Amino acid sequence: MALDVHVLGTASARPTPDRAVSGSLVKGPDGIAVIDAGEGFQTRYGKQRRRLKAHSLGETLKPRNVDVLAFTHGHLDHTWGSLPWLQSMDLENRQQPLLILGPTSSTALAALLEGTAMPEDIPPADLARQWLAWYALGGSGLRFPVRWVLGVVGEGRWAEVDPHTGTATLLDAMPQPEGWSNSTLTPLPTTHTVPSCGWMIQQHAKAGKFDRQRADDLGLTTKERAMLARGEDVTTAEGETLESAWFRGGERAPVSVLISGDTATSPPTWAEDIAPTLLVHEATFLNEQQGKADEHQHSTAAGAVASALAVGAESLALTHYSNRIKSSDEPLGEAKSMAGALPVVALNDSDRMVVEDDGRVNHLAWNGSGWASLNIKPNR
């Protein structure tokens, strides 16, 4: 099953008439991961569901299939739609458990672990302070199971927060979404003005395709084919043993999507061996605003290319444009001038990026009456 990325907002801090603030989701073999949920997220999510129903028969984004809400950082354009959406799911009688994850500072985490007041120098955009406010506004009263987990990503320290007491308990490791067995969610530290990280969803390696032609040549029965496809060896009526491995190609490499959140170019911990199949990276500024990008620890479109090369990405999709950028063609042009052979696209609201099991990447651009598909990267 593919990784289907829905980008529901491509503006930066301020929405524009054509662009909403951040909010994305990745639908994979285990369920749905939401990455950030800025203002109006639940409305945008609902609209995307209706578009799928009208234009992509058989594809759905049922809210009950959302297993995890992961924040890249605490700026409100990435978080402000979360609590209303959680409360709406509660009103709709959601029963499924939800894991909520996010980065915080070591100082804020220490206060939660010790049960002391949050230090005054912890900014409002630190998720620890923000979540405490949400609990007071109704976040502690949600009736479906929720795990609130904060971590100091660079140190690998994670703690579960009790919304009723505002205190935390240290965990052995960051938990995975409940029921996930085919995919893994991993945080990668980024460089921003508040604690931040990117999130990578990696689908596990899969067996190669079943060799139907070989099965045809041998005249195998439907039952024998089914057994071999499940990985079971078969003994024929003539006493010959057919090993299931003979009917499969080599194991397919895992595919993955990394969503950066807000970050300066090429975070220090990013390395080529991370190698996501697709990197969705912010391009808040154009080259002429490099000074602002440096000041606010954001990236230009060219900086997004540098990040993609640093992390070994196989393809790159740009998002998160400042309101001075009127068309996504502007950052796309600057990125392509630096990208060489790296496939690059620029996203608009409601676009999708589909990463297939074999490594192919398709850009599905929303055109108002459906999605136009463009293959930007062939299979491996």
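Bear in mind these aren't lab numbers, they're just calculated from the coordinates by the rules spelled out. These numbers were taken from a predicted model, which means no experiment stands behind them. For neighbour counting, all protein chains shown are included, and Cβ atoms are generated from backbone atoms with ideal geometry for every residue, glycine included.
Give the whole-number value, in cubic angstrom per residue, of the convex hull volume spanned by the C-alpha atoms of the chain.
So the per-residue hull volume is 158 Å³.
Against the longest alpha carbon principal axis of the chain, how many degrees, from 0 to 90 and to the nearest 10, is the axis of helix 127-136 turned? So the inclination is approximately 80 degrees.
For the chain, adding -39500 (n - 2.57) for each run of n ≥ 4 DSSP H residues and dividing by the number of residues yields -6500 deg cm²/dmol at 222 nm. The spacing between the stretch 310-380 and the stretch 111-137, judged by their C-alpha centroids, is 37 Å.
By the rule of a C-alpha distance below 26 Å, with chain neighbours fewer than 8 residues away ignored, the lysines paired with Lys223 are Lys206, Lys209. The base-10 log of I(q)/I(0) for the stretch 212-363, evaluated at q = 0.18 Å⁻¹, reads -0.95 [Debye formula, identical scatterers on Cα atoms, solvent excluded]. Among Phe247, Phe144, the order by Cβ neighbours within 10 angstrom, fewest to most, reads Phe144, Phe247. Remark: Lys292, Lys377 ranked as Lys292, Lys377, counting other beta-carbon atoms within 10 Å and listing the fewest first. In terms of overall dimensions, the C-alpha atoms belonging to the stretch 133-273 reach 71, 41, 24 Å along their principal axes, ordered largest to smallest.
Compared with the dominant Cα axis of the chain, that is its longest principal axis, helix 41-55 is turned about 30°. Against the empirical 2.2 N^0.38 Å (N residues), the stretch 100-211 has a Cα radius of gyration ratio of 1.22.
What ranking, highest mean first, results for peptides 193-205, 88-100 when packing means the other Cβ atoms within 10 Å averaged over each residue? Please list the in-between numbers first.
Details: 193-205: 22.5, 88-100: 15.8.
Highest-to-lowest ranking by the protection proxy: 193-205, 88-100.
Annotation: lysines with alpha-carbon distance below 22 angstrom to Lys62 (same-chain offsets under eight excluded): Lys27, Lys47, Lys53. Residues considered: Pro189, Pro254, Pro331. Largest GNM mean-square fluctuation over the chain, using C-alpha springs under 10 Å, is found at Pro254.
Listed by chain and number, the lysines placed with their C-alpha closer than 24 angstrom to that of Lys336 are Lys292, Lys326, Lys377; residues fewer than eight positions away on the same chain are left out.
Relative intensity of the stretch 56-97 on a log10 scale, I(q)/I(0) at q = 0.23 Å⁻¹, equals -0.90, per a Debye sum over C-alpha point scatterers of equal strength in the absence of solvent.
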